[in-house]
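Asker: Let me give you the structure first, and then I'll get to my questions.
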Amino acid sequence: MTLTRWPGAGAMLIALIWAAMMVACGGDEATGPVSSTVGPDGGTLSFTGGRVTLVFPSGALTDEVAVTVNAAAGPAPSSLLVPGTAFEFGPAGIQFAKPVELAIGYDPGVVPAGIRENELQLSRAVAAAWQPLMASSVDLTRKT
């Protein structure tokens, strides 16, 4: 998947999708939320067996916060979504004083046909459409 800077935003749905078309996406099985705490000193949180990593710089948060990650349950299907890459992040309404880095791993064997890995980028669900996170990039070596 892609790596991006995640400016403060509430609970949001983020998925890897082909950049040229932002449509409602789907395909993840619900596995239940996982949670870990991070505070003012920052740190790195890893979820879903290392598939999702969040890096919080020192000073991004002013208090201890329980950050949650959950596989997206039931977003609309799309032929552009890389299976297993749609997640919901929380808590809702959280704001960061400094950008947080997000990396989501992907399996190149399930990238939709006709889409090159270097064209992948993170997108977030806004209403019924996907909006690209412009600071996204793909690490082809690490498959993130």
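What follows draws every value from the coordinates through simple rules; no lab data is involved. As the structure is a computational prediction, the values presented were derived from the model and not from experiment. Cβ: placed from backbone, ideal geometry, glycine included. Neighbour counts: every protein chain shown.
Asker: Would you check which residues across region 118-128 are in contact (Cβ under 8 Å) with a residue 24 or more places away in the chain and more than 23 Å from PHE89 (Cβ to Cβ) and list them?
Answerer: GLU119
Asker: Identify the single condition in (1) surrounded by 12 or more Cβ atoms within 10 Å (Cβ to Cβ); (2) within 23 Å of VAL34 (Cα to Cα); (3) out of contact with any strand residue (DSSP E or B) (no Cβ under 8 Å at 6 or more places or on another chain) that SER79 does not satisfy, given that it satisfies every other one.
Answerer: (2)
Asker: Check region 114-123 and report whether any residue there is within 19 Å of VAL52 (Cα to Cα), in contact with an Asp or Glu (Cβ under 9 Å, 6 or more places away or on another chain) and surrounded by 14 or more Cβ atoms within 10 Å (Cβ to Cβ).
Answerer: No, every residue in region 114-123 fails to be within 19 Å of VAL52 (Cα to Cα), in contact with an Asp or Glu (Cβ under 9 Å, 6 or more places away or on another chain) and surrounded by 14 or more Cβ atoms within 10 Å (Cβ to Cβ).
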